[in-house]
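The values are calculated or read from the model by the stated rules, or taken from the named source; none is laboratory data. Everything numeric in this text was worked out from a predicted model, so none of it was measured. Quick reminder, even Gly has a Cβ in these numbers, built from the backbone with ideal geometry, and neighbours come from all protein chains shown. Accessible surface areas use protein heavy atoms only, side chains included; no ligands, DNA or RNA. Shrake-Rupley method; radii C 1.70, N 1.55, O 1.52, S 1.80 Å.
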Amino acid sequence: MASDRFFLIYQEASDEECLLTIQPYNNQQELAEAIHHLSAKEVEEYTIIKGKKMKATLKLSVDLTEAEEAEEE
């Protein structure tokens, strides 16, 4: 039977890209080290889920429209 794992979910964004990461960890020590690393990168918002091995399906919809230039008066 599979033991509990910790899943760390966080988002990193810049002007060029946005990255959503879901990373599994087998124990609290590994998780604490990962959170410390996030703090060093100034990522302060994250979610921790404790559970069994999970399977993920990503469904993403993005609507892009051309940006209009602001007119200068």
Margin query: Taking the solvent-accessible surface of protein heavy atoms with a 1.4 Å probe, what is the per residue accessible area of the chain in Å²?
Written below: 97 Å²
Check: Based on the Cβ-Cβ distance from Leu64 to Ile9, what FRET efficiency comes out when R0 is 22 Å, to the nearest 0.05?
Finding: 0.35
Check: Using a basic spin-label model with each label point 7 Å from the Cα along Cα→Cβ, how many nm lie between Asn27 and Tyr46?
Finding: 1.8 nm
Next item on the list: Among Phe7, Thr21, Leu64, pick out the residue whose Cα is farthest towards the positive end of the charge dipole of the chain, where Lys and Arg carry +1 and Asp and Glu carry -1 on C-beta, about the Cα centre.
Entry: Phe7
Next item on the list: Apply 1/(1 + (r/R0)^6) to the Cβ-Cβ distance of Glu16 and Thr57, taking R0 = 25 Å, and write down the FRET efficiency to the nearest 0.05.
Entry: 0.40
Check: Relative to the longest principal Cα axis of the chain, at what angle does helix 28-40 sit, 0 to 90 degrees, rounded to 10?
Finding: 20 degrees
Item checked: Assigned charges on the beta-carbon of Lys, Arg, Asp, Glu; the chain dipole about Cα centre (debye) -> 1500 debye
Check: For Asn27, what charge total do you get from the other residues with a beta carbon under 14 Å from its beta carbon, if Lys and Arg give +1 and Asp and Glu give -1?
Finding: -1
Margin query: Below 8 Å, C-alpha to C-alpha, sequence gap of six or more: please give me the relative contact order for the chain in percent.
Written below: 37 percent
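Determine the share of segment 24-73's accessible area contributed by carbon and sulfur atoms, expressed in whole percent, with a 1.4 angstrom probe.
The nonpolar share, carbon plus sulfur, comes to 47 percent.
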